[in-house]
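Shown below is the structure under consideration.
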Amino acid sequence: MTVDSPQPAVQRLLGPSNPNLASPGGSSVPPAPRSGGAKVRILETATRLFYEEGIHSVGVDRLISEASVTKATFYKHYGSKDNLILAYIRGQHDRVRARFEQLVADALDAQHAVRAWVAAVSTEVNEAEFRGCAFLNAAAEYHYPRDPVREVVSSHRDWYTEQLADLLQASGHPLPGDGADELMLARDGAMSGAYAGDAIAATAALGRVAERVLAS
């Protein structure tokens, strides 16, 4: 089941795709701030601070101050910090989805798309603003598996793995689901390893896994 199926669980949790949230790079690194109304400023501020400093460490007063809005305006648009957190996570999904869909559309075939995906991950982890995978970071802050944040993260990962499986199926892989799991885990390792250690070694390892999977 893909995100284009009628009312799938993944789509319900992630919410409707919002192309206005998609950055040119489509990565989990927040885009440069745009000018806009109060609701946009609040979300942009939350996106930057939650990604750079962590979700739990940023309070409502800080968000209100840096977004240059009043407390009444904040609650008018989002109602609570919890709602803003979910908007942030869903916005991250929209960015990743937009980039992935563009990457696939630009590729000559499925194998080229997988290699382009590896290159995109390698580029992302070398950006100065990179602080790891936004979804893994969020999951680390929410330990209860049924927490709404964890459910959105899980739905995003299900969607991501399905997209990789679709590419592998199109490339003729005999076990596209298994191959997609390998790619996803290698991507997780590259994200974490690049941030905590050697980005060159981490992305080279991702590339080797991808080539082995494609050769299966």
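The values are calculated or read from the model by the stated rules, or taken from the named source; none is laboratory data. All values reported here derive from a predicted model rather than from experimental measurement. Glycine gets a Cβ as well: all are built from the backbone with ideal geometry, and neighbour counts include every protein chain shown. What goes into the accessible areas is simple: the full protein's heavy atoms, side chains included, and nothing from ligands, DNA or RNA. Shrake-Rupley method; radii C 1.70, N 1.55, O 1.52, S 1.80 Å.
Return the residues of the range 139-186 that are out of contact with any helix residue (DSSP H, G or I) (no Cβ under 6 Å at 6 or more places or on another chain) and loosely packed, with under 15 Cβ neighbours inside 10 Å; say none if nothing qualifies.
Residues satisfying the conditions are Ala140, His143, Tyr144, Pro145, Arg146, Gly172, Pro174, Leu175, Asp178, Leu185.
Run down Val114, Val96 and say which single residue is in contact with a helix residue (DSSP H, G or I) (Cβ under 6 Å, 6 or more places away or on another chain) and of a type in the set (A, V, I, L, M). Outline the logic, then answer.
On the way: Val96 fails: in contact with a helix residue (DSSP H, G or I) (Cβ under 6 Å, 6 or more places away or on another chain).
Of the residues listed, the single one that is in contact with a helix residue (DSSP H, G or I) (Cβ under 6 Å, 6 or more places away or on another chain) and of a type in the set (A, V, I, L, M) is Val114.
Please tell me if Leu136 is without any contact (Cβ under 8 Å) to a residue 60 or more places away in the chain, within 30 Å of Ser80 (Cα to Cα), assigned to a helix (DSSP H, G or I) and open to solvent by 20 Å² or more (accessible area, probe 1.4 Å).
Yes.
Out of contact with any helix residue (DSSP H, G or I) (no Cβ under 9 Å at 6 or more places or on another chain), within 19 Å of Tyr195 (Cβ to Cβ) and outside any loop (DSSP other than H, G, I, E, B), is that true of Glu52?
Here the answer is yes, as Glu52 does meet what is asked.
If you go through the range 161-216, how many residues are in contact with a Pro (Cβ under 9 Å, 6 or more places away or on another chain) and either more than 23 Å from Leu108 (Cβ to Cβ) or not polar (S, T, N, Q) (or both)?
Count: 6.
From the list Pro16, Pro6, exactly one residue is open to solvent by 30 Å² or more (accessible area, probe 1.4 Å), modelled with pLDDT under 95 and within 19 Å of the chain's Cα centre (by Cα). Which is it?
Pro16
Which of the numbered conditions does Glu129 fail, given that it passes all the others? Conditions: (1) of a type outside the set (A, V, I, L, M, F, W, C); (2) more than 16 Å from the chain's Cα centre (by Cα); (3) not in a helix (DSSP H, G or I).
(2)
Continuing with this model, one more query. Please go through the range 62-88 and pick out each residue that is under 24 Å from the mean Cα position of the chain (by Cα) and polar (S, T, N, Q).
Of everything in the range 62-88, those that are under 24 Å from the mean Cα position of the chain (by Cα) and polar (S, T, N, Q) turn out to be Ser80, Asn83.
Additional query: Scan the range 200-212 for residues that are within 20 Å of the chain's Cα centre (by Cα) and either open to solvent by 30 Å² or more (accessible area, probe 1.4 Å) or modelled with pLDDT under 95 (or both) and report the count. It would help to see each step written out before you state the result.
Of the range 200-212, the ones within 20 Å of the chain's Cα centre (by Cα) are 202-203, 206-207, 210.
After this cut, where a residue has to be either open to solvent by 30 Å² or more (accessible area, probe 1.4 Å) or modelled with pLDDT under 95 (or both) as well, the list is none.
Final tally of qualifying residues: 0.
If you don't mind, there's one more thing I want to ask. Would you point out the residue of the range 122-132, among those that are in contact with a helix residue (DSSP H, G or I) (Cβ under 6 Å, 6 or more places away or on another chain) and open to solvent by less than 70 Å² (accessible area, probe 1.4 Å), that is nearest to Arg48 (Cα to Cα)?
Gly132
Look at Arg131 and say whether it is of a type in the set (Lys, Arg) and farther than 24 Å from Gly172 by Cβ.
So Arg131 fits the description; yes.
Could I ask something else about it? Does any residue in the range 38-65 that is at pLDDT 95 or above and open to solvent by 20 Å² or more (accessible area, probe 1.4 Å) come within less than 7 Å, Cβ to Cβ, of a residue that is of a type in the set (Lys, Arg) and outside any helix (DSSP H, G or I) six or more places away or on a different chain, and which pairs are these?
Note: pairs meeting the criteria are Val40/Arg34; Glu44/Arg34; Glu52/Arg131.
Could you tell me whether any residue of the range 61-74 is within 19 Å of Val152 (Cβ to Cβ), of a type in the set (Val, Ile, Thr) and outside any helix (DSSP H, G or I)?
No, the range 61-74 contains no residue that is within 19 Å of Val152 (Cβ to Cβ), of a type in the set (Val, Ile, Thr) and outside any helix (DSSP H, G or I).
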